[in-house]
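First up is the structure itself, then whatever we jot down about it.
The values are calculated or read from the model by the stated rules, or taken from the named source; none is laboratory data. For clarity, every value in this text was computed on a predicted model and none was experimentally measured. Quick reminder, even Gly has a Cβ in these numbers, built from the backbone with ideal geometry, and neighbours come from all protein chains shown. Accessible surface is based on the protein model in full, side chains and every heavy atom, while ligands, DNA and RNA are left aside. Shrake-Rupley method; radii C 1.70, N 1.55, O 1.52, S 1.80 Å.
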Amino acid sequence: MVQSAYKSFFVRHRDGGLEVGSWDGLWGVLTVITLRKCADRAAYYRAGKRDVGREVAAAPADGSITGPADRALDREPRPDEAAVLAETVEALFRAVDDPDEREILELSLQGFTAAEISDKLGRAERSVRRLRERIRKRLERMQADSES
C-alpha cells in the first residue's frame, strides 16, 4: 500500500497536480493518499460479490450447531477414525529414534506452539521448528507408503 501511495504521489507531482511546501505538507499529502487508498481497498473487499459477511453466517448466540460443516467439526471422531489416528501416532513414535524429536512430537501433539516448546525445552525456536518439520516429512512419507 505504501509503494502505491508513493507512486501516486510521484506521478501527480510530476504532472504538476501536487505542490508540497514543507515536510509537514509532504507527510500530510502522503498520509491522505495512503488513507484514501486503504479506504478504496476496504470498499473493494466489501463489495456485494466479495463481501465476507454475505458468505459466512454468524454463529448463533446460543452456540447451537447449524450447518453440515459445523456438525463435522463439532463431532467426536468415529471409532474407526480414532483407531486410525491412534495407529498413526503409535507408528510415528516408533519411527522417531531421536529423544529430542520424540519430546517435541509429544509436546506438539499436546497442542504447544514452537515458541512454547522452545521455552519448555530450552532450545532455540528455529531448532524446534526444524525438528517439527522433520517429523512432518516423516509422517508424509509414512502416509505415502501406506497409500501405495
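Key figures for this structure:
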{"read-out": "Accessible area (Å², 1.4 Å probe, nearest 10) - Ser22", "value": "70"}
{"read-out": "Label-point separation, Cys38 to Asp145 (7 Å along Cα→Cβ), nm", "value": "5.2"}
{"read-out": "Surface accessible to a 1.4 Å probe, Arg132 within the full protein complex, Å²", "value": "80"}
{"read-out": "Area of Asp97 that stays accessible when all protein chains are in place (1.4 Å probe, Å², to 10)", "value": "130"}
{"read-out": "Order of exposure, largest accessible area first, which applies to Lys37, Lys49 with probe 1.4 Å", "value": "Lys49, Lys37"}
